[in-house]
Amino acid sequence: MATSFGIDKTQPPANWSHVGFFTLVSLFNLCLVAQVLTVGLAYFYNPEWWKVHVWLVRGYSGLSLLLLLWVYLSQFPQRVRSLTASMPVLLGLQFLTIHLKSPLPLGVVHPLIGFTLFSVSTTLVHRVQRVVFPKPDDAERDAS
């Protein structure tokens, strides 16, 4: 009598390159969460938190370029590639809306771009998770 204990032998083991990418994408997303928390702390609690907010973006923004390079050196679905490619663009727009002095108040779109960046990053974490740790029903859904 043979039992499989729920192990799918048809599922190939996770690609270490994909696992590393997933780890960095998750770290990037956690940095965005910290960034949102620090801006809230700066606005509602103590303006000194603004320094941490600025320090965070300077520290993790380079990850977006590393992820962009990584996603094109590995085999990833097109949706994962396009989400990854949009992150440095959105970060660039974030920098522009804060630092570019213009007669138009570009700073008003800064929070909206930040929300979009967080949404893209979170979606990317979920998409890459499905690539790295696929479920049997994910393969059926992706095929349709």
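A compact table of results
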| item | result |
| --- | --- |
| Residues that are touching a residue at least 60 places away in the same chain (Cβ under 8 Å) and of a type outside the set (Phe, Trp, Tyr), drawn from the range 22-32 | Val25, Ser26, Asn29, Leu32 |
| Restricting the range 31-53 to residues that are among the small types (Gly, Ala, Ser) and more than 18 Å from the chain's Cα centre (by Cα), the residue that is nearest to Phe115 (Cα to Cα) | Gly40 |
| Matching residues in the range 47-65 - criterion: being without any contact (Cβ under 8 Å) to a residue 24 or more places away in the chain and among the hydrophobic types (A, V, I, L, M, F, W, C) | Trp49, Trp50, Val52, Val54, Trp55, Leu65 |
| Residue match in the range 70-78 (condition: in a helix (DSSP H, G or I) and under 20 Å from Phe95 (Cβ atoms)) | no |
| Residue within the range 74-83 that is modelled with pLDDT of 95 or more, loosely packed, with under 10 Cβ neighbours inside 10 Å and of a type in the set (S, T, N, Q) present | yes |
| In the range 80-130, the residues that are within 30 Å of Trp16 (Cα to Cα) and of a type in the set (Lys, Arg) | Arg81, Arg127, Arg130 |
| Failed criterion for Gly59 (all others in (1) at pLDDT 95 or above; (2) farther than 18 Å from Thr116 by Cα hold) | (1) |
| Residue among Leu91, Leu68, Leu106 that alone is free of Cβ contacts under 8 Å to residues at least 40 places away in the same chain, crowded, with 18+ Cβ neighbours inside 10 Å and of a type in the set (A, V, I, L, M, F, W, C) | Leu91 |
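Condition check ((1) modelled with pLDDT under 95; (2) buried (at least 17 other Cβ atoms within 10 Å of the Cβ); (3) of a type outside the set (Gly, Ala, Ser)) across all residues:
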position: Val36; (1), (2), (3): yes, no, yes
position: Leu41; (1), (2), (3): no, no, yes
position: Phe44; (1), (2), (3): no, no, yes
position: Ser86; (1), (2), (3): no, yes, no
position: Phe95; (1), (2), (3): yes, no, yes
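One line per residue, one yes/no per condition, for (1) acidic (Asp, Glu); (2) within 18 Å of Pro111 (Cβ to Cβ); (3) assigned to a helix (DSSP H, G or I):
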site	(1), (2), (3)
Leu30	no, no, yes
Leu37	no, yes, yes
Asn46	no, no, no
Trp50	no, yes, yes
Val54	no, yes, yes
Gly62	no, no, yes
Leu66	no, no, yes
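The values are calculated or read from the model by the stated rules, or taken from the named source; none is laboratory data. In this text, all values refer to a predicted model and were calculated from it rather than measured experimentally. In this analysis, Cβ positions are derived from the backbone assuming ideal geometry, glycine residues included, and neighbour counts consider all displayed protein chains.
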